[in-house]
1. Quick one: which of 50-59, 208-217 comes out on top by average Cβ neighbours within 10 Å, and what's the full order, highest first?
2. Let me check against my output: what whole-number percent is the relative contact order of the stretch 223-306, with C-alpha pairs under 8 Å and at least 6 apart?
3. Using alpha carbons only, how many angstrom separate the centre of the stretch 65-108 from the centre of the stretch 202-222?
4. If packing is taken as the average number of other Cβ atoms within 10 Å across a peptide's residues, how do 220-233, 115-128, 76-89 rank, most packed first?
5. For the residues 252, 102, what sequence is obtained by ranking on other C-beta atoms within 10 Å, fewest first?
6. Just subtract the alpha-carbon distance of residue 4 and residue 19 from 0.36 nm times their residue separation and send over the number in nm, one decimal.
7. Once R0 is set to 22 Å, what does the formula 1/(1 + (r/R0)^6) return for the Cβ-Cβ distance between residue 12 and residue 48, expressed as a FRET efficiency to the nearest 0.05?
8. Can you sort 179, 162, 275 by how many other beta carbons sit within 10 Å, fewest first?
């Protein structure tokens with residue numbers, strides 16, 4: 001952890017400024033996010049993460065730079081799994097395309113707060129109970145194996161029977177239709193939630209579930225809370241643009257879940273070996289993770305490519 005609190009203050013001010021710029025300037029009015037816009041923002045967030053990585057490399061040293069890059073790659077790849085769930089939630093609730101960015105914006109803001117709390121708790125646990133890394137490692141290995149063996153993928157979201165949706169309906173009335181991009185409205189003199197608020201809650205709940213996997217995974221790479229936090233934040237900040245960029249390609253990533261499972265199992269093994277003579281170097285981890293993800297993506301694209309049309313038979317000659 002940096003000796004001074006200034007890196008934390010400056011970084012969080014930067015994040016707040018970017019979020020304010022995003023919502024207050026570029027997305028002040030609800031609109032359908034085009035593929036071009038999403039690709040530009042995806043490139044912007046990745047570029048900012050790499051520039052920050054250079055700063056870490058320069059100010060904190062090559063080892064910290066490698067740890068950030070490896071952690072960012074892992075968190076970014078695991079966030080793709082979030083995108084699958086977001087797509088299922090939006091489809092189940094028939095969320096209009098122009099309101100999806102607003103949901104993801106506030107979902108990301110909530111995710112940043114939850115991740116910060118979980119990272120602080122994880123760092124405190126590892127600092128006070130060294131043996132907890134073996135629990136995290138075993139958990140990652142089991143989770144990775146479960147993802148590899150799960151051939152059915154993510155289950156569709158049932159809006160009527162989801163426990164969180166039913167809980168909210170018991171607490172307050174929920175409108176039957178959307179009211180623009182609003183989360184709450186006054187209906188018959190009472191404050192009522194809109195379906196968009198239910199969608200936001202499910203997005204937040206899904207990120208909480210994924211954080212349980214991703215937070216231990218990054219602690220397998222580094223114990224520095226600053227590196228853990230910043231790599232998580234950059235991966236989450238680019239999640240919205242990544243969703244709109246990949247939404248149409250999600251059905252083609254048939255082996256990505258398997259690849260992510262292998263990544264989790266690998267980092268679990270790395271965590272288990274952290275205090276042994278067989279400790280896995282960070283540079284080796286970066287190479288292995290990049291290789292696994294590349295193979296899973298290429299294999300997915302190859303398996304789902306459209307078959308070439310067969311040439312028409314030659315016309316019979318007279």
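1. Highest to lowest by the protection proxy: 208-217, 50-59.
2. 41 percent
3. Their Cα centres are 12 Å away from one another.
4. Averaged packing, sorted descending, gives the order 220-233, 76-89, 115-128.
5. 252, 102
6. Stretched out fully, the residue 4 to residue 19 stretch lengthens by 2.9 nm.
7. Rounded to the nearest 0.05, the efficiency is 0.90.
8. With the fewest neighbours first, 179, 162, 275 line up as 275, 179, 162.
Any read-out appearing in this document is the output of simple, stated calculations on the displayed coordinates, not a laboratory observation. Since this is a predicted model, take the numbers as computed values, not measurements. FYI the Cβ positions are ideal-geometry reconstructions off the backbone, even for glycines, and counts take in every protein chain you see.
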